Amino acid sequence: MSSSQTPKEAATDYALEFNLRAKKEFDRLDAAIRLQLAKKLKSRLAEPRVDADKLSGMPDCYKIKLRSSGYRLVYQVFDKRLVVLVIAVGKRENNQAYGAALSRFTH
């Protein structure tokens, strides 16, 4: 490590929680899809706010997308509680995941 680099401060990972309906949606997925989403979710717990994946019209909400399968996972970030709450999981088709997320979104 060069002198211009500083070690990262001990970051606190966010806790992961699921909306009950989102948990059911997640559990119904094929095991391979679940594994891919779980891997991406785990990496987001350290830094959940990814500007490129921010959803417009839903403050503090972000998406994880699996391009190959068309699945989307939508989560909401609560900084005060250090929680990432998964609010919807579904296909991109017909805005399935986004429509569900909008109906479950908490301000």
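All but one of (1) out of contact with any Cys (no Cβ under 9 Å at 6 or more places or on another chain); (2) within 19 Å of Ser43 (Cβ to Cβ); (3) assigned to a strand (DSSP E or B) hold for Ser68; state the number of the condition that does not hold.
Only one criterion in (1) out of contact with any Cys (no Cβ under 9 Å at 6 or more places or on another chain); (2) within 19 Å of Ser43 (Cβ to Cβ); (3) assigned to a strand (DSSP E or B) is unmet by Ser68, namely (3).
Just one of Arg49, Arg34 is at pLDDT 95 or above, assigned to a helix (DSSP H, G or I) and not β-branched (Val, Ile, Thr); which is it?
Working: Arg49 fails: assigned to a helix (DSSP H, G or I).
Arg34 is the lone residue from the list that is at pLDDT 95 or above, assigned to a helix (DSSP H, G or I) and not β-branched (Val, Ile, Thr).
Looking at (1) surrounded by fewer than 17 Cβ atoms within 10 Å (Cβ to Cβ); (2) free of Cβ contacts under 8 Å to residues at least 24 places away in the same chain, which one does Tyr62 not meet, given that it meets all the others?
Unmet condition: (1).
Yes/no matrix, rows are residues, columns are (1) surrounded by 13 or more Cβ atoms within 10 Å (Cβ to Cβ); (2) over 14 Å from the mean Cα position of the chain (by Cα); (3) modelled with pLDDT of 90 or more:
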{"residue": "Lys42", "(1), (2), (3)": "no, no, yes"}
{"residue": "Leu55", "(1), (2), (3)": "yes, no, yes"}
{"residue": "Ser68", "(1), (2), (3)": "no, yes, no"}
{"residue": "Val84", "(1), (2), (3)": "yes, no, yes"}
{"residue": "Val89", "(1), (2), (3)": "yes, no, yes"}
{"residue": "Ala97", "(1), (2), (3)": "yes, no, no"}
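Can you tell me which residues in region 71-82 are outside any strand (DSSP E or B) and either under 11 Å from the mean Cα position of the chain (by Cα) or under 17 Å from Ser43 (Cβ atoms) (or both)? Step through it out loud before you land on a result.
Applying the first criterion (outside any strand (DSSP E or B)) to region 71-82 yields 79-82.
Residue satisfying the conditions is Leu82 alone.
Would you be able to tell me the number of residues in region 52-65 that are of a type in the set (Val, Ile, Thr) and part of a helix (DSSP H, G or I)? Quick ask: steps written out before the conclusion?
Just the residues of region 52-65 that are of a type in the set (Val, Ile, Thr), to begin with: 64.
Filter once more, so that each one left must be part of a helix (DSSP H, G or I): none.
Adding up the residues that qualify gives 0.
The values are calculated or read from the model by the stated rules, or taken from the named source; none is laboratory data. These numbers come from a predicted model, not from an experiment. When we count neighbours, we look across all protein chains shown, and the Cβ atoms used for this are built from the backbone with ideal geometry, even at glycine.
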